[in-house]
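Below is one structure; the comments refer to it alone.
What follows is calculated from the coordinates using simple rules that are stated; it is not laboratory data. Here the structure is a predicted model, which is why all the values come from computation and not from measurement. Every residue, glycine as well, gets a Cβ built from its backbone with ideal geometry; the counts of neighbours run over all protein chains shown.
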């Protein structure tokens with residue numbers, strides 16, 4: 001199954017901000033973007049003026065890397081959102097946030113989207129009681145995301161998950177049952193809940209509208 005394999009911390013240094021791609025490390029002083037706050041390949045930060053196209057390209061790379069998507073997959077999703085009759089920004093947020101791998105991440109079952117993607121791909125995740133191993137699968141309102149009973153006995157769920165899951169606070173569009181280790185999709189993420197910036201979404205729309 002194709003997946004984005006780009007260097008996570010280099011992406012953060014390139015766009016100049018944390019995208020929280022490496023779990024706990026992203027929040028620590030050890031994060032590369034904190035230690036070396038300039039693009040890879042440069043020894044000092046340069047204040048070169050970026051063109052409008054360059055800004056759009058950087059915004060596109062930032063959003064795509066955040067959700068760990070391939071270019072073709074990301075482009076098709078944005079194009080489909082722009083062709084929809086719905087408000088484009090709401091539609092884009094929905095397409096990104098309602099991916100199964102992202103929903104697993106937002107539910108607190110994983111500390112990064114890469115980790116969530118692995119859980120899905122390896123068959124640990126159920127949607128409405130049925131195994132779904134496609135990270136890009138779109139979840140809908142009232143869908144129940146849970147962990148396969150056999151998977152709950154693995155070291156990940158018995159030893160690693162308890163480190164952060166009990167204290168985890170999810171977004172408002174997901175209802176988390178920590179005792180059962182399952183989550184219910186209550187609606188759609190807002191811009192604030194997605195953590196995306198409107199200026200980045202606008203730049204992405206402009207980039208693909210050329």
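Would you mind calculating the relative contact order of region 100-185 from Cα pairs under 8 angstrom and at least 6 residues apart, reporting the percent as a whole number? Intermediate values should be presented prior to the final figure.
On the way: 126 pairs, mean separation 26.2, N = 86.
Relative contact order here is 31 percent.
If the chain between residue 155 and residue 138 were fully stretched, how many nm would it gain, using 0.36 nm times the residue separation less the Cα-Cα distance? Write down the numbers at each step before the final one.
On the way: separation 17, 0.36 × 17 = 6.12 nm, distance 2.78 nm.
Additional length available on full extension: 3.3 nm.
Rounded to the nearest 0.05, what FRET efficiency do residue 167 and residue 50 have when you use their Cβ-Cβ distance and R0 = 25 Å?
For R0 = 25 Å, the calculated efficiency reads 0.05.
Let me understand region 100-185 better: what is its radius of gyration from the alpha carbons, and its Dmax, in angstrom?
Considering region 100-185 through its Cα atoms, Rg and Dmax are 11.3, 31 Å.
Which Rg and Dmax, in Å, describe the Cα atoms of region 79-146?
Cα only, region 79-146: 12.5, 36 Å (Rg, Dmax).
Could you tell me what percent of the DSSP beta bridges with both partners in region 100-185 are antiparallel, to the nearest 5?
Values: 12 of 12 bridges.
That works out to approximately 100 percent antiparallel.
Using only Cα atoms, locate the centre of region 74-102 and the centre of region 125-162, then give the distance between them in Å, rounded to an integer.
23 Å
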